[in-house]
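Comments concern the structure below.
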Amino acid sequence: MKFRNWPELAEELLDIEHPARYLGAEHGAVPGNEPDERGFILTCALAFPEVYEIAHCHLGHKILYHLFNHQRGFSAERVYAPWVDYEERLKKAGRALRSLENKRPLNDFHVVGFSLQYELSYTNILNMLSLGGINPLRAQRDEDAPLIVAGGPGAANPEGLADFFDLFFLGEAEDTWLGDFTIIKDWAFRKEPKKELFDRLAGRPGIYIPSLFEPQYENDKFTGLECLKPGYSRVSRAAVRDLTGAPFPLCQISPWLKPVHNRVVVEIARGCSRGCRFCQAGYIYRPVREREQNKVLELTRENLTATGYDEAAFLSLSAGDHTQIESLVSSFMNTWSDSEVALSLPSLRVKSLSQNLAGEIARVRKTGFTIAPEAATARLRAVINKDLTEDDLLAACTAAFSYGWRTLKLYFLTGLPTETEEDLIALGQLAGKVKKLSRARINVSVATFVPKAHTPFQWQAASNFSDIDGRFKVFGPFFKKTGLDLKYSSPEASVLEGILARGDRRLGRVFYEVFLKGARFEAWNERLNFSLWQEALAYFGRQIPELLAERDPAAPLPWDHLGPFVSREFLQRELNKAQRAETTPDCRTGGCQNCGACDGVSPSLAEPGHVQPDRGISEVKDQGDRKPGTGPKNRRNLKSAPGGQPPETFRYLAEFSKTGPMALLGHLEMVEVIKRCIRRSGLPMAFSQGFHPQMKLGFLTAPPLGMESLSELMIVTLKEPRSPETVRLSLILPPGLDILKVYSLPKGAPKLKIGSISYQIESDYSIWTSQPLHPAALLSYTDKQGRIRVFDLAKFIQVSEVLDPCQLKLTILYSPEGSPRPLAAARALYGLGDEVRLRVKKTATVLAA
């Protein structure tokens with residue numbers, strides 16, 4: 001893919017936070033697709049209501065992008081929520097929000113599809129539509145406006161957003177998307193009214209058209225939804241039958257800036273039958289379906305090879321429950337550990353962690369270890385149906401510490417049904433017991449429980465401010481004594497989520513009102529203005545205590561017509577068992593529990609015996625004096641050559657340029673891009689030793705973001721010799737990062753040091769005189785750390801040469817302790833104020849003699 005004109009791009013993106021969010025043209029991005037036999041392409045904007053580094057991580061988004069762009073006649077482009085600074089720049093310039101791939105305005109697509117992940121991101125949806133030139137309100141859109149659709153877990157109760165969307169997709173897309181979107185493509189080709197499209201789509205699995213349902217109220221109480229189309233009173237969900245055969249991306253996009261989860265992701269299973277009663281995902285994605293081991297390894301290999309990532313994640317709601325998990329992990333590590341590719345299992349149940357599994361994961365580096373007890377007492381864990389004992393938890397922590405993990409995260413929920421003060425006290429005590437096991441850093445995250453649709457706790461009350469504050473006063477003091485790091489969820493965010501998660505269509509007016517008043521990014525604590533919501537709720541007569549209150553199990557719920565994901569009768573049985581602190585076994589080991597999830601999907605998956613038994617790790621306690629990192633198959637002690645000497649390495653100095661849009665990458669972002677390119681090249685890179693091996697790649701300078709450079713230097717260290725020309729030809733970098741020369745560094749060569757750096761300073765006007773006005777000026781400014789820096793320019797300026805009246809060359813002596821900034825130096829030398837607009841480009845880096 002190609003970038004837009006560089007001067008135009010620089011004008012738009014300089015001086016905003018993380019400009020790489022808006023570049024596009026990443027490795028793996030698809031600029032377009034072939035038309036169908038009629039010469040027509042249905043264009044779809046895949047919209048995610050969060051910033052780039054969060055949106056990029058979402059697996060469902062990656063799958064949809066792959067589905068559309070690998071089917072003739074369809075094309076998908078990405079669009080993410082702009083941060084507030086870029087939003088202001090778009091408005092000021094009169095530009096619409098556009099896609100990353102082809103910079104197409106949002107209102108120029110046939111379909112705009114949003115992923116609904118988290119209620120506190122929903123105002124971003126309205127803002128993105130508005131910025132894209134689309135009226136957020138469905139009733140006020142013209143017939144020629146794009147079709148606005150949504151899917152994801154938020155579609156389990158989309159009623160609060162019903163006024164803004166034409167239709168919702170319930171469930172999973174892989175088996176049904178082509179049939180659904182072929183109908184939509186034919187409708188778009190014929191330019192028919194939306195009513196014609198809705199008539200054809202209504203009744204298809206997973207298709208919910210909110211305009212065909214009318215909410216009913218009596219004395220301001222929700223009493224149900226009236227179906228306006230005969231035979232369409234209930235919406236079934238779409239579900240994938242065969243996960244192994246389901247489409248999956250083979251070249252996931254490599255981002256410019258570091259995302260929240262910086263790795264290749266491969267889904268190894270979908271669904272969970274453990275039955276934690278608070279967990280919405282555990283109910284709406286039933287039944288469990290596994291991807292076969294060989295297919296998982298094939299997809300992982302394809303993506304790692306294509307992207308150059310150094311970490312893969314096996315994704316599932318409960319990765320340890322995959323029936324081939326130990327063999328799968330062992331096969332992966334045997335293939336990739338010598339290449340220093342690490343593996344992450346982000347959702348591993350405590351009881352599924354075996355000694356062998358812990359040892360395998362630790363073979364390359366520790367990628368993070370999170371344990372989620374959720375509740376601290378056996379009674380409360382029974383209430384939520386969490387199959388875990390305190391001994392299980394402590395044994396898992398001991399295992400992690402024994403294999404070298406030095407940071408561990410514990411995750412708890414407060415505000416769970418039937419919770420008592422004793423449960424809260426036990427939370428602090430249990431965290432303290434874990435702390436006593438090791439000197440490792442223990443991070444404790446405590447979130448507030450929020451009841452969600454289609455769970456046994458959907459009828460339970462959500463927390464108010466006094467509830468949240470009262471709980472913290474009970475367990476908070478324990479963390480002051482223990483030295484544990486505590487992260488407690490924002491009370492405002494928890495209360496707002498509790499209001500929105502079970503809302504009906506009357507919340508739509510509230511969403512629109514707070515959006516008009518500037519609500520954006522409420523999931524970010526610094527952006528959440530709860531008073532806007534209080535004012536809007538009061539204006540429309542909605543009482544916060546009523547919205548948070550317990551619901552009558554006999555009364556209709558706004559989402560009763562959607563699904564069933566699991567049956568309402570099953571959820572009520574589970575609620576009753578929770579109130580008696582009774583547990584329900586996993587249906588794969590304890591027999592079918594008649595939840596209804598397998599109806600029409602894959603009944604065989606509900607049969608008992610389709611899960612690995614809990615492995616147990618109590619034997620880890622008896623390892624005696626085993627040192628961290630010396631477990632089975634751990635490779636950290638195998639790095640040295642015979643005799644204990646480090647293995648021989650070969651060093652190369654590479655000069656490269658960083659121009660055009662690549663100048664908008666920060667230094668660390670550029671380093672990550674180059675590392676992935678090196679991995680794709682197949683060069684035999686050398687790595688550091690120890691518990692966290694790193695690629696031996698060094699940079700002599702770090703140009704500031706936004707500055708173009710014609711001369712950057714990096715040192716590449718290989719474990720096998722190559723000719724400099726081979727290294728140069730192998731390093732295929734993105735346009736704008738171009739390898740200029742490569743030199744082989746002799747063994748024993750002294751450490752390279754920078755002597756001076758030359759810059760070209762440009763102006764749109766003839767301002768440079770033959771001689772500086774103030775050659776002995778003292779330059780003073782405050783750096784990013786708040787320190788006042790003073791430089792005697794006579795000691796630092798080696799060359800000041802006027803190339804022409806609009807261009808000046810400055811050569812500045814380099815000092816590790818700091819050198820004058822080139823623009824500030826030019827202004828001081830020639831007596832120019834900040835009102836004079838200057839541009840700077842780095843032209844040469846000279847090594848010290």
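L299 fails exactly one of the following numbered conditions: (1) under 29 Å from K435 (Cβ atoms); (2) touching a Phe, Trp or Tyr at 6+ places or on another chain (Cβ under 7 Å). What is the number of that condition? Of the numbered conditions (1) under 29 Å from K435 (Cβ atoms); (2) touching a Phe, Trp or Tyr at 6+ places or on another chain (Cβ under 7 Å), the odd one out for L299 is (1). Quick check, is T769 among the polar types (S, T, N, Q), at pLDDT below 90 and touching a helix residue (DSSP H, G or I) at 6+ places or on another chain (Cβ under 8 Å)? Considered against the rule, which asks whether it is among the polar types (S, T, N, Q), at pLDDT below 90 and touching a helix residue (DSSP H, G or I) at 6+ places or on another chain (Cβ under 8 Å), T769 comes out as yes. Looking only at residues in the range 457-502 that are of a type in the set (K, R) and touching a strand residue (DSSP E or B) at 6+ places or on another chain (Cβ under 8 Å), the one that is farthest from G541 (Cα to Cα) is K487. Among the residues making up the range 183-195, those that are without any contact (Cβ under 8 Å) to a residue 60 or more places away in the chain, part of a helix (DSSP H, G or I) and surrounded by 12 or more Cβ atoms within 10 Å (Cβ to Cβ) are I183, D186, W187, K194.
The set of residues from the range 1-31 being more than 22 Å from P704 (Cα to Cα), surrounded by 13 or more Cβ atoms within 10 Å (Cβ to Cβ) and modelled with pLDDT under 90 comprises just one member, M1. Criterion applied to A431, A453 was being farther than 21 Å from Q543 by Cβ and small (G, A, S), and the one residue passing it is A431. The residue list R551, R505 contains one member that is in contact with a Pro (Cβ under 6 Å, 6 or more places away or on another chain), at pLDDT 95 or above, open to solvent by 10 Å² or more (accessible area, probe 1.4 Å) and not acidic (D, E), which is R505.
Looking at the range 222-269, which of the residues that are assigned to a loop (DSSP other than H, G, I, E, B) and of a type in the set (S, T, Y) is nearest to P556 (Cα to Cα)? Result: S233. Contact map, the range 250-268: first residue among the small types (G, A, S), second residue not in a loop (DSSP other than H, G, I, E, B), Cβ cut-off under 7 Å, separation 6 or more or different chains; pairs are S254/H27; S254/T307; S254/R676.
Considering (1) in contact with a helix residue (DSSP H, G or I) (Cβ under 6 Å, 6 or more places away or on another chain); (2) surrounded by fewer than 21 Cβ atoms within 10 Å (Cβ to Cβ), the lone condition that P105 does not fulfil carries the number (1). A count restricted to the range 168-181 and to residues that are part of a helix (DSSP H, G or I) and open to solvent by 50 Å² or more (accessible area, probe 1.4 Å) stands at 1. Evaluated against (1) closer than 23 Å to P684 by Cβ; (2) open to solvent by 40 Å² or more (accessible area, probe 1.4 Å); (3) not hydrophobic (A, V, I, L, M, F, W, C), R263 falls short on exactly one condition, (2). The residues of the range 456-502 that are more than 23 Å from L532 (Cα to Cα), in contact with a Phe, Trp or Tyr (Cβ under 7 Å, 6 or more places away or on another chain) and open to solvent by less than 50 Å² (accessible area, probe 1.4 Å) amount to a single one, F457. When you look at A431, is it over 25 Å from A156 (Cβ atoms), touching a residue at least 24 places away in the same chain (Cβ under 8 Å) and in a helix (DSSP H, G or I), yes or no? Judged against the criteria, A431 is a match. Counting only helices (runs of 4 or more DSSP H) wholly contained in the range 314-408, the ones carrying 2 or more residues that are touching a residue at least 12 places away in the same chain (Cβ under 8 Å) and closer than 30 Å to A581 by Cα occupy 378-383, 390-402. Scanning the range 308-356 for residues that are β-branched (V, I, T), within 21 Å of N262 (Cα to Cα) and surrounded by fewer than 20 Cβ atoms within 10 Å (Cβ to Cβ) yields a count of 1. The set of residues from the range 565-584 being touching a Gly at 6+ places or on another chain (Cβ under 7 Å) and either within 20 Å of T223 (Cβ to Cβ) or without any contact (Cβ under 8 Å) to a residue 24 or more places away in the chain (or both) is empty. Each residue in the range 114-123 was checked for being open to solvent by 10 Å² or more (accessible area, probe 1.4 Å) and closer than 16 Å to R138 by Cα, and 1 of them qualify.
In the range 138-158, the residues that are among the basic types (K, R) reach residues that are in a helix (DSSP H, G or I) with C-beta atoms within less than 9 angstrom, at least six apart or across chains, in these pairs: R138/P210; R138/S211.
Is it the case that some residue within the range 699-715 is over 20 Å from T845 (Cβ atoms) and open to solvent by less than 80 Å² (accessible area, probe 1.4 Å)? For the range 699-715, residues over 20 Å from T845 (Cβ atoms) and open to solvent by less than 80 Å² (accessible area, probe 1.4 Å): absent. Here Y411 passes the criteria (1) under 30 Å from the mean Cα position of the chain (by Cα); (2) touching a residue at least 24 places away in the same chain (Cβ under 8 Å); (3) surrounded by 20 or more Cβ atoms within 10 Å (Cβ to Cβ) except the one numbered (3). Here L810, L779 are screened, and the one residue that is touching a Pro at 6+ places or on another chain (Cβ under 6 Å), closer than 30 Å to L653 by Cβ and of a type in the set (A, V, I, L, M, F, W, C) is L810. Taking (1) over 13 Å from L562 (Cα atoms); (2) surrounded by 21 or more Cβ atoms within 10 Å (Cβ to Cβ) in turn, E218 satisfies each apart from (2). Residue check: is N576 polar (S, T, N, Q) and outside any loop (DSSP other than H, G, I, E, B)? Taking the combined requirement at face value, the residue satisfies it. Scanning the range 508-547 for residues that are under 18 Å from E159 (Cα atoms), outside any helix (DSSP H, G or I) and open to solvent by less than 30 Å² (accessible area, probe 1.4 Å) yields a single hit, R542.
The values are calculated or read from the model by the stated rules, or taken from the named source; none is laboratory data. Since this is a predicted model, take the numbers as computed values, not measurements. With ideal geometry, Cβ positions are generated from the backbone for all residues, glycine too; neighbour counts draw on all protein chains shown. Just so you know, the surface numbers come from the protein's heavy atoms only, side chains and all, with ligands and any DNA or RNA stripped out. Shrake-Rupley method; radii C 1.70, N 1.55, O 1.52, S 1.80 Å.
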